[in-house]
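Structure record follows, encoded as structure tokens.
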Number of protein chains: 2
Amino acid sequence: MSQLEPTPRTTLKRGKDRGSYELADIHGILDDGLACQLAFIHNGSPHIIPTAYGRVGSTVYVHGAAANRALRALCNGETACLSVTHIDGLVLARSAFHHSMNYRSVVLYGPMREVTEHCEWQAGLRAIIEHMMPGRWDDVRSPNEQESKRTMVLALEIDEGSAKVRTGPPVDDEEDYALGCWAGVIPTTTHFATPIDDPRLAAGIEVPHYVTHYPRAKRQNGAAR
Amino acid sequence: MSQLEPTPRTTLKRGKDRGSYELADIHGILDDGLACQLAFIHNGSPHIIPTAYGRVGSTVYVHGAAANRALRALCNGETACLSVTHIDGLVLARSAFHHSMNYRSVVLYGPMREVTEHCEWQAGLRAIIEHMMPGRWDDVRSPNEQESKRTMVLALEIDEGSAKVRTGPPVDDEEDYALGCWAGVIPTTTHFATPIDDPRLAAGIEVPHYVTHYPRAKRQNGAAR
């Protein structure tokens, strides 16, 4: 399977040319993000939780406090909606109407599954840590029994969803190109600054190679979009 | 009124010390964002739309295609949940469990109102454009009648919601400070690159002062968080 099947709620109605069901696009946008937005219905109301996540193949993992009743309720077959959005640029057109942003976004739908099997629980948590910082997991203390009990890992299969991407300059009405105002794009990227040592860091501990060579920083700080 | 009243769905259960109902905090986080995430229930399922927004006093405005049935349905008294999240840093602790992110987030709840009165419609749209780029509105062609008909502006009053903020270094278990691994924070900011002229820009049109002196870029590129 190289692409997802459109469903009634993922069939793009507007901006079809910006949409994609290709798994390569969906995975790429997910892998580039830092935090996702997890929306769900609780007590009849929509809710959003911004949270860290990680991907293993066609599964997205998030975690939360085991005491979080809303998250727990979400695992009873309710549909969740998980979204990742990158803003890549401000698109300044010659008319107010055609102002836009360049972006890449993914929206996924599906029931969340509470991960109870220990190996998958650890793989899910590892994916979340490694998504934030590849190479980190093997360097830090693994969860102990008490921490495991306090942490719920949830899985969402990448079965239903779509990506949407806008790139390029503004698209103005033909007659507006004659207007005298400036138009163009202001590219935006996530910048990763110099790591700040923990104030309680013991003397002689250097910033590890995987931090100084953080692939996300290299890619994003170097790329002009 | 300087702060919002907590409600059952905005009363923070975990991380209370990171929460705030102060309007100054909520407005500040909203004003710093580029896009928000708008969640709502449509056909029994949660949905998220990433979208531009603007604030006028205690009202947040978003816009969308008038033909968007989900947005239109949202104005029939349904509750929406609007969220803005800034990721300010990756927090690398000595244990997997204490990894975190520094962030500022706002979640608002309430019914959305379709703005039908012309002056408010224009003020809402202006707020969205000016939020993206202060000074832009007066420089571009205003919406014509056809564009007005095609564009729906929605308002959400800042009546119910909360902010949540994490700052500072990792917080490790006392015994973990003896571990030999590096710990600290990698600050993340939104970087605004040099504006790219529209390929069809007429000769002699310079990048305007409000773009070269973009306050968000000055603030974020200069600040070490």
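The values are calculated or read from the model by the stated rules, or taken from the named source; none is laboratory data. Not measured: the values here are computed from a predicted model. Cβ atoms come from the backbone with ideal geometry, glycine included; neighbour counts cover every protein chain shown.
So in region B:41-65, with the set limited to residues that are away from chain A (no Cβ under 11 Å) and touching a strand residue (DSSP E or B) at 6+ places or on another chain (Cβ under 7 Å), which one is surrounded by the fewest Cβ atoms within 10 Å (Cβ to Cβ)?
Ranking the qualifying residues of region B:41-65, first place goes to B:Ser58.
Looking at A:Val84, A:Val91, A:Val171, A:Val153, which is the one that is buried (at least 21 other Cβ atoms within 10 Å of the Cβ), over 19 Å from the mean Cα position of the chain (by Cα) and more than 7 Å from chain B (Cβ to nearest Cβ)? Let's see the steps before the verdict.
On the way: A:Val84 fails: over 19 Å from the mean Cα position of the chain (by Cα); A:Val171 fails: buried (at least 21 other Cβ atoms within 10 Å of the Cβ); A:Val153 fails: over 19 Å from the mean Cα position of the chain (by Cα).
Only one candidate qualifies: A:Val91.
All but one of (1) facing chain A (nearest Cβ under 7 Å); (2) on the phi > 0 side of the Ramachandran plot hold for B:Asp198; state the number of the condition that does not hold.
(2)
Output the qualifying pairs, or none if there are none: Cβ atoms under 8 angstrom, residues six or more apart or on different chains, first residue in region A:190-206 and touching a residue at least 24 places away in the same chain (Cβ under 8 Å), second residue assigned to a loop (DSSP other than H, G, I, E, B).
Filtered contacts from region A:190-206: A:Thr190/A:Leu34; A:Phe192/A:Tyr214.
Only residues that are touching a residue at least 40 places away in the same chain (Cβ under 8 Å) and either more than 7 Å from chain A (Cβ to nearest Cβ) or among the polar types (S, T, N, Q) (or both): list them for region B:6-15, please. Before you say what the answer is, go through the steps one by one.
Within region B:6-15, the subset touching a residue at least 40 places away in the same chain (Cβ under 8 Å) is B:6-7, B:9-10, B:12, B:15.
Within region B:6-15, B:Pro6, B:Thr7, B:Thr10, B:Leu12, B:Gly15 qualify.
Just checking, does region B:16-35 include any residue being closer than 14 Å to B:Tyr109 by Cα, touching a residue at least 24 places away in the same chain (Cβ under 8 Å), in a strand (DSSP E or B) and of a type in the set (A, V, I, L, M, F, W, C)?
no
When region A:17-31 is examined, which residues are found to be more than 13 Å from chain B (Cβ to nearest Cβ) and of a type in the set (D, E, K, R)? Reasoning before the result, please.
Initially, region A:17-31 is screened for residues more than 13 Å from chain B (Cβ to nearest Cβ), giving A:17, A:19-28, A:30-31.
The answer is A:Asp17, A:Glu22, A:Asp25, A:Asp31.
Step by step: first the residues of region A:39-97, then only those that are at pLDDT below 95 and either part of a helix (DSSP H, G or I) or of a type in the set (D, E, K, R) (or both), then the one that is farthest from A:Gly161 (Cα to Cα). Which residue is that?
A:Arg69
A:Pro187: closer than 30 Å to B:Trp137 by Cβ, within 9 Å of chain B (Cβ to nearest Cβ) and out of contact with any helix residue (DSSP H, G or I) (no Cβ under 8 Å at 6 or more places or on another chain), yes or no?
Numbers: closer than 30 Å to B:Trp137 by Cβ: yes; within 9 Å of chain B (Cβ to nearest Cβ): yes; out of contact with any helix residue (DSSP H, G or I) (no Cβ under 8 Å at 6 or more places or on another chain): yes.
Judged against the criteria, A:Pro187 is a match.
Are any of the residues in region B:121-141 farther than 25 Å from A:Ile48 by Cβ, among the aliphatic types (A, V, I, L, M) and within 22 Å of the chain's Cα centre (by Cα)?
Checked region B:121-141: at least one residue is farther than 25 Å from A:Ile48 by Cβ, among the aliphatic types (A, V, I, L, M) and within 22 Å of the chain's Cα centre (by Cα).
Restricting to region B:125-150, give me the number of residues that are more than 7 Å from every other protein chain (Cβ to nearest Cβ), in contact (Cβ under 8 Å) with a residue 40 or more places away in the chain and not small (Gly, Ala, Ser).
Of the residues in region B:125-150, the ones more than 7 Å from every other protein chain (Cβ to nearest Cβ) are B:126-128, B:130-131, B:134-135, B:138, B:144-146, B:148-150.
Pick out the ones that are also in contact (Cβ under 8 Å) with a residue 40 or more places away in the chain and you get B:126-128, B:130-131, B:134-135, B:149-150.
Those still in the list that are not small (Gly, Ala, Ser) too: B:126, B:128, B:130-131, B:134, B:149-150.
Total satisfying the criteria: 7.
Does any residue of region B:94-104 turn out to be farther than 30 Å from B:Ala67 by Cβ, buried (at least 17 other Cβ atoms within 10 Å of the Cβ), basic (Lys, Arg) and out of contact with any Phe, Trp or Tyr (no Cβ under 9 Å at 6 or more places or on another chain)? First the steps, then the outcome.
Pass one, region B:94-104, residues farther than 30 Å from B:Ala67 by Cβ: B:94-104.
Among the residues that remain, those that are also buried (at least 17 other Cβ atoms within 10 Å of the Cβ) are: B:94-104.
Subsequent filtering for residues that are basic (Lys, Arg) retains B:94, B:104.
So of that shortlist, the ones also out of contact with any Phe, Trp or Tyr (no Cβ under 9 Å at 6 or more places or on another chain) come out as B:104.
Looking for residues that are farther than 30 Å from B:Ala67 by Cβ, buried (at least 17 other Cβ atoms within 10 Å of the Cβ), basic (Lys, Arg) and out of contact with any Phe, Trp or Tyr (no Cβ under 9 Å at 6 or more places or on another chain), one finds at least one in region B:94-104, hence yes.
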